[in-house]
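The values are calculated or read from the model by the stated rules, or taken from the named source; none is laboratory data. It should be emphasised that the depicted structure is a prediction, and the values quoted were computed from it without experimental measurement. As a convention, Cβ positions derive from the backbone with ideal geometry for all residues, glycine included, and neighbour counts pool all protein chains shown.
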Amino acid sequence: MRKKGFTLIELLVVISIIALLMAILMPSLQRVRKHAKASVCKSNLHQWAITFLMYTNDYDGHFMPGLIPKYWNGQYTWMNVLRPYIADNNDIRLCPCANRTVDEGGVYPWAAWAVWKHEGASAFTYIINDYGSYGINWWVGDDGDDEGWYKGANKWRTTDQRNANNIPVFQDCGFMLTRPLDTNPPPEFDGDFIWNQNHGMSRICHDRHNGGINMAFMDWSVRNVRLKKLWLLKWHREFDTSVYYQINWPKWIERFD
């Protein structure tokens, strides 16, 4: 007896149903994937918050001096001083949304930073071959020296501060540090990474996590902060949060609450 098989029309119907189901499910799967990456990123920052807490506890509440001319070899950068605290736990260096450097094909705002050995890098002896997706708020550093536009007197230096839940310490970042000023304009487009002094916000104002970035604060909490709200945080002692109400937002960021 001849076996009955599928007709061409039946096969086409089955394929169409599968295609329809995939079209319906794909957006949901993408949202789940993004949510999972954001959760891993927050978990990384929770571990970094604990690491900063252990370090500051060991130094009577003081942060590390950081990367400044007096310590230009990088000896007191967060990467170097926290190395003993994280041991071999290098997985927490990278946000899953930004796990490749530019040299590896990463594109801002989803690129990781790296300090590779190159001509002139001898000044960064202690941080050569360091990499990551996160950066410190330079203003928490325990040093009072001025650096051009950046007044050392505005640094927090210690963890003993009021409203610590509004003071950023560590966050999604396109470089190992950022130095926001209240005069910094928002980037013109997502991934507009500008190096000059009046664009410190461009290192962190990027849409990594559904219109926001993940941040660890001085009370050691971790939360997602919407991009516009970055100008409402107390980055340094004299940061004027009222500028938030005067900013003309570029179209790409205007849509985020």
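Just checking, does region 168-178 include any residue being surrounded by 15 or more Cβ atoms within 10 Å (Cβ to Cβ) and over 13 Å from the mean Cα position of the chain (by Cα)?
Looking for residues that are surrounded by 15 or more Cβ atoms within 10 Å (Cβ to Cβ) and over 13 Å from the mean Cα position of the chain (by Cα), one finds none in region 168-178, hence no.
Residues of region 142-169 being at pLDDT 80 or above and in contact with a helix residue (DSSP H, G or I) (Cβ under 9 Å, 6 or more places away or on another chain), which ones?
ASP143, TYR150, ASN154, LYS155, TRP156, ARG157, THR158, THR159, ASN166, ILE167, PRO168, VAL169, listed by residue number.
Being at pLDDT below 95 and more than 17 Å from the chain's Cα centre (by Cα), is that true of even one residue in region 198-216?
Among the residues of region 198-216, at least one is at pLDDT below 95 and more than 17 Å from the chain's Cα centre (by Cα), which makes the answer yes.
Within region 144-167, work out how many residues are touching a Lys or Arg at 6+ places or on another chain (Cβ under 8 Å) and surrounded by 15 or more Cβ atoms within 10 Å (Cβ to Cβ).
Start the filter on region 144-167 by keeping residues that are touching a Lys or Arg at 6+ places or on another chain (Cβ under 8 Å), which leaves 144-145, 150, 153-156, 163, 166-167.
Checking the rest, the ones that are also surrounded by 15 or more Cβ atoms within 10 Å (Cβ to Cβ) come to 145, 150, 154-156, 166-167.
Number of matching residues: 7.
Residue check, GLY200 against (1) in contact with a strand residue (DSSP E or B) (Cβ under 7 Å, 6 or more places away or on another chain); (2) surrounded by 17 or more Cβ atoms within 10 Å (Cβ to Cβ); (3) farther than 25 Å from ARG255 by Cα, all met but one. Which one?
That leaves (3) as the condition not met.
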